[in-house]
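Taken together, the values in this text are just the output of simple stated rules run on the coordinates, not laboratory data. Predicted, not measured: the structure shown is a model, and the values here were computed from it. Cβ coordinates were reconstructed from backbone atoms using ideal geometry, including for glycine residues, and neighbour counts include every protein chain displayed.
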Amino acid sequence: MATKHTSLFLTGLFAVVLMATPPVMAEEGNLLDLSIEELMGMEFTEEAKEGLTIYGYMSANVEKVFGELSIENGQTVKTTAPHEWSLPHFHLFVRANPAKNIETFVNVATEEMEVRNMWGNIKVRDALQFKLGKMYRKFGLFNEKLDEVPTYLGIEPPELFDGDHLILPRLTTFEVHGQFPGKSTTWSYSLSTDNGENGPAEDLIPLGWDLRAKIHGKAVIGLSGYLSNIGSADVTPSEGVGDGSPSGGVLPWMASDNYNVIGGFAEVQVKNLLIKAAYWKAHHEFKRDPEAVLTVAQSTTLNGLQRGRFFGASSDLATDALTVDDVVVDGSYDVKTGYVRLGYFIYSEHGTFAPFVFWDWMNNPETIAKKTYGGDNESGVADDGKFYKYTVGMSYKPVDKVAIKLDHSAHIQKFNGNTESYPEFRFDVSYLFN
C-alpha cells in the first residue's frame, strides 16, 4: 500500500511541477504530418552548414495493466500486473548538410546509445533523390515517426507497429524517392530495398513502396506496400523459436514464407479536429518447419484455432502424442489490421489541450500467445485471432517543448469462449531540447 501511495504521490508531484512551468500562448496552425523539427521551430535549408545541429527529446512514463487473461483448470483467470515505471525514449538527432543538396542524419537512441538511423540523402532534383544507410522505410503515417512521440497524439502507436506483431520490417537500406510540388497538392513517392529481414541471400530482393499526396492545409492520403521478395529465394525468419517475437513479418516456426502487404491511409485536419485512419492486409504463403512447430506446441499452450491450423486432423491428439508427421506444412493466411484516431486541439493561454479517442483492431490467425516463442499476447490470446482496442486520453502541452499525456485503453477479444477485456492506464511526460 505504501508503494502504491508513493507512486501516486510522485506522479502527481511530477505533473504539478511541469504544469507550473510558465506557459506559452499556443497558436493554431497546421497539424498535418508534424515533425520534431517543425514542433521545435527548427528550419533546415539546402545550403551547406558548418558543424552539426543536435537536438532531441526524452520521456518517462508509468503503466498499469489490470486483469491480464490466462486459463487455469479450464477457467478464465485475471491477474493484475504491477505498475511499471520506465524511460522508454531518449533520442539524440544529429543533422548536417556537408554540401548543397546533400543531407546527413543520425538518430541515437536509448541509454545504451543505439544507432537507430544513420543515412545520407543526395538530391538531384525534388523529383529524384537517393537515400542510403539505416533508415525507417516510408510506410503509412507512423513508421518514420515512431521515434517522435511528442509529435503525435497518444502514447502508443497503432497496433501494426507494436514490436510484438510487426507485419513487415520497419528498417530499410536504400531508397529512391522524390516529390512533385504543386499549387495545392504535393505528390511524393518512395521505392526502397535492403538485404531482407533475415540477411542477404541469392535472389532475395524485398521491395517497399509508398505513394502519397499532401493537400496543403487539408489532408494527406496515400497507399503503401511491401513485397518480401521479388526474386526467387525463400524468405526465412529473423528469429528462431524461443528467441522472441520477430522483427519482420515471418514467424519463427516457418521454414519459409513469401508475403505481401498493401494498404491505404489518410490524415485530415478540419479546423482543430485531426483525423487519422488506415487499413492494411498482409497475405502469406508459407511452409512451416515441423520441428519448430512441435517445439511451440510442447512449450506453450495453444488454443483450438492454433492447434487446428498447426496439426489439422491430428489436432485432437494429446500434445505428447504429436509428431512432426502431424504438422500441416503448407498453407496461407492473412493478417488484417486498421485504426481510426481522432484528436481535438484546444488552444489557450495556459497551453494546448488535446483530448483524443482511438480505435485499433487486428486479426492474425497464425500467431500464438507466448512472446518468448514468437507470439504477441494479443491476437495470440484470442480464440479467433482477433482483438479490438479502444483508447481515450488527454495530451497537454504547457509549452511546445513539453508534452504530458494520460490515457486509458482496453483490449477486447474472445477468450475461453467468452468476450473478455483487460484495461490499461498510462502516464507519459516528454521533453524536447536543442
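Taking the Cα centre of the range 2-433 as origin and assigning +1 to Lys and Arg Cβ atoms and -1 to Asp and Glu Cβ atoms, the resulting dipole is close to 1320 debye.
Note: relative contact order over the range 2-433, using C-alpha pairs below 8 Å and six or more positions apart, is 15 percent.
For Arg307, Arg288, the sequence from fewest to most other C-beta atoms within 10 Å is Arg307, Arg288.
Work out the length of the dipole vector of the range 382-434 about its Cα centre, built from +1 on the beta-carbon of each Lys and Arg and -1 on the beta-carbon of each Asp and Glu, and round it to the nearest 20 debye.
Values: 7 positive and 7 negative charges, 41 e Å.
That gives a dipole near 200 debye.
Amide H contacts under 5 Å for Leu146: none, restricted to partners 5 or more places along the chain or on a different chain, H placed in the peptide plane at 1.01 Å from N. Say the cut-off is 28 Å between C-alpha atoms; which of Lys131/Lys371; Lys64/Lys138; Lys134/Lys370; Lys271/Lys397; Lys276/Lys336; Lys64/Lys214 go over it? Checking Cα-Cα distances, Lys131/Lys371; Lys64/Lys138; Lys134/Lys370; Lys64/Lys214 exceed 28 Å. A dipole drawn for the range 2-433 from +1 and -1 charges on Cβ atoms has a positive end, and of Thr372, Gly67, Thr337 the residue lying farthest that way is Thr337. Shape call for the range 109-239 from the C-alpha gyration tensor, a ≥ b ≥ c root eigenvalues: rounded (a/c under 1.5), prolate (a/b greater than b/c) or oblate? Oblate, since a/c reaches 1.5 and b/c is not below a/b. Could you tell me whether the range 253-396 comes out rounded, prolate or oblate from its Cα gyration tensor? Rule is a ≥ b ≥ c as square roots of the eigenvalues, rounded for a/c under 1.5, then prolate if a/b exceeds b/c, otherwise oblate. Verdict is prolate for the range 253-396. Shown in residue order for the range 414-419 are the 3J(HN,Hα) couplings computed by the Karplus curve 6.51 cos²θ - 1.76 cosθ + 1.60 at θ = phi - 60°: 7, 9, 6, x, 10, 7 Hz (x for Gly and Pro). Mean residue ellipticity, 222 nm, helices only, the chain: the sum of -39500 (n - 2.57) across DSSP H runs of n ≥ 4, divided by residue count and rounded to 500, is -2500 deg cm²/dmol.
Sort Met254, Met362, Met118, Met40 so the one with the fewest other Cβ atoms within 10 Å of its own Cβ comes first. Numbers along the way, then the final one.
Working: Met254 23, Met362 27, Met118 14, Met40 19.
Listed from fewest to most nearby Cβ atoms, that is Met118, Met40, Met254, Met362.
Can you tell me how the range 156-296 classifies by the Cα gyration tensor, rounded, prolate or oblate, using a/c under 1.5 as the rounded cut? It comes out prolate by the Cα gyration axes. Can you give me the long-range amide H partners of Gly67? Hydrogens built in the peptide plane at 1.01 Å from N, cutoff under 5 Å, separation of 5 or more residues or another chain. Residues meeting the amide H criterion: Thr79, Thr80, Ala81. Expressed as an acute angle from 0 to 90° and rounded to the nearest 10, what is the orientation of the C-alpha long axis of helix 290-299 relative to the principal long axis of the chain? That works out to roughly 90 degrees. Listing Val250, Val261, Val235 from fewest to most neighbouring C-beta atoms within 10 Å gives Val261, Val235, Val250.
Here's the picture: charge each Lys and Arg Cβ at +1 and each Asp and Glu Cβ at -1 in the range 123-222, and of Pro158, Leu207, Ser190 the one pushed furthest to the positive end of that dipole is Ser190.
Under the rule of at least 5 residues apart or a separate chain, name every residue whose amide H is placed under 5 Å from the amide H of Asn229. Result for Asn229 returns Leu207, Tyr259.
Put simply, when 406-418, 324-336 are sorted by average Cβ atoms within 10 angstrom per residue, most first, you get 406-418, 324-336.
Sparse packing (at most 14 other Cβ atoms within 10 Å of the Cβ) combined with a DSSP loop state is found for the following GluC sites (Glu not before Pro) in the range 145-230: Glu202. On a C-alpha basis, how far is the centre of the range 222-260 from the centre of the range 361-434 in Å? Whole number, if you could? When both Cα centres are located, 24 Å separates them.
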